[in-house]
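Input: a single structure, listed below in structure tokens.
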Amino acid sequence: MNGMRMKIAVLVKEVPDTWGDRSIDPVTKRVVRGKDLVIDEINEKAVEAALLVKEANSGATLTVVTMGPKSALDALRKGLAMGADDAIHILDDGFAGSDAVQTSAALAAALGSRGFDLVVTGNESTDGRTAAVPAMLAERLGVAQLTFLRTLAVSGGTVSGERLTEDGHLEISADLPALVSVTEQIADARYPNFKGLMAAKKKPVATLTVADLAISTGDAGGANSWSVVETVTPRPAREGGTVITDDGTAGTQIADFLASAKLI
């Protein structure tokens, strides 16, 4: 960036492992978060994309940021082990159950005062799947947003990339500061080596509370959410399906079944 020290922030999130069973608590109406928690895979890819930008821009720094319970520190440590310089952990029970609107408010409060040039996020989390936080956050920060990117580059104070569309892709760009969200195609995340794992334990992690962020009551906590889950219905058990016994008419039975399902 023409000799400037670029500051990059990457959002990461702790989520239930996608390979495990997921459920919603019928009382709290929230996703059950047990022991099987990991950093969201799309966030690992976002960290990788940001690291490539950092490595291409001498003097750049990278901060990983999360909002979550104490266990979310593990997601931050993963980013630090990959190569991030420091971390911010928004940690306060007052944020429990926050919806996308409240989450974006907290993140904006944490990022806005620190003057980041580039904020990198995944296009959507695998638990909430709203795909709304990146746009909300960019609006709150008052910066340009480049969303659903499959490539990412920064040069001379300009961020650019290819945005996926139904018909192909668009080549888009914006002046920094800006926020980008990336898709699964962006990059394959590197594996932290032993040196990185050990270094991650010593890198600084700033912890911020509701009071630190000066968040209003309406912008913190599930009790004040703009969106409310009223009911939860368990997924129906999978049925056994239709068994066709070949008595000489199996072909006709299969054709009739496909036709009834409007598949042929």
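Here VAL133 does not qualify as under 16 Å from the mean Cα position of the chain (by Cα), modelled with pLDDT of 95 or more, buried (at least 18 other Cβ atoms within 10 Å of the Cβ) and closer than 14 Å to VAL12 by Cβ.
Can you work out which of the residues in the stretch 98-115 that are assigned to a loop (DSSP other than H, G, I, E, B) and among the small types (Gly, Ala, Ser) is nearest to VAL133 (Cα to Cα)? Only one residue fits best here, namely SER98.
Can you work out which of the residues in the stretch 136-145 that are without any contact (Cβ under 8 Å) to a residue 40 or more places away in the chain and closer than 14 Å to THR103 by Cβ is surrounded by the fewest Cβ atoms within 10 Å (Cβ to Cβ)? Give the steps one after another, and end with the answer.
At the first step, the residues of the stretch 136-145 found to be without any contact (Cβ under 8 Å) to a residue 40 or more places away in the chain are 136, 139-145.
The next check asks that each one be closer than 14 Å to THR103 by Cβ; those that pass are 136, 139-141.
Numbers: MET136: 19, GLU139: 13, ARG140: 18, LEU141: 19.
Top of the filtered list is GLU139.
For the stretch 146-159, residues that are surrounded by fewer than 18 Cβ atoms within 10 Å (Cβ to Cβ) and out of contact with any Gly (no Cβ under 9 Å at 6 or more places or on another chain) total 4.
Can you tell me which residue within the stretch 168-198, out of those that are part of a strand (DSSP E or B) and of a type in the set (Gly, Ala, Ser), is surrounded by the fewest Cβ atoms within 10 Å (Cβ to Cβ)? Only one residue tops the list, namely GLY168. LYS203 meets the stated requirement of being modelled with pLDDT of 95 or more and either surrounded by fewer than 18 Cβ atoms within 10 Å (Cβ to Cβ) or assigned to a loop (DSSP other than H, G, I, E, B) (or both).
Residue count for the stretch 136-167, restricted to those that are among the aliphatic types (A, V, I, L, M) and either within 12 Å of the chain's Cα centre (by Cα) or in a loop (DSSP other than H, G, I, E, B) (or both): 2.
The values are calculated or read from the model by the stated rules, or taken from the named source; none is laboratory data. From a predicted model like this one, the values you see are computed outputs, not experimental measurements. Glycine also receives a Cβ, built like all others from the backbone with ideal geometry; neighbour counts cover every protein chain displayed.
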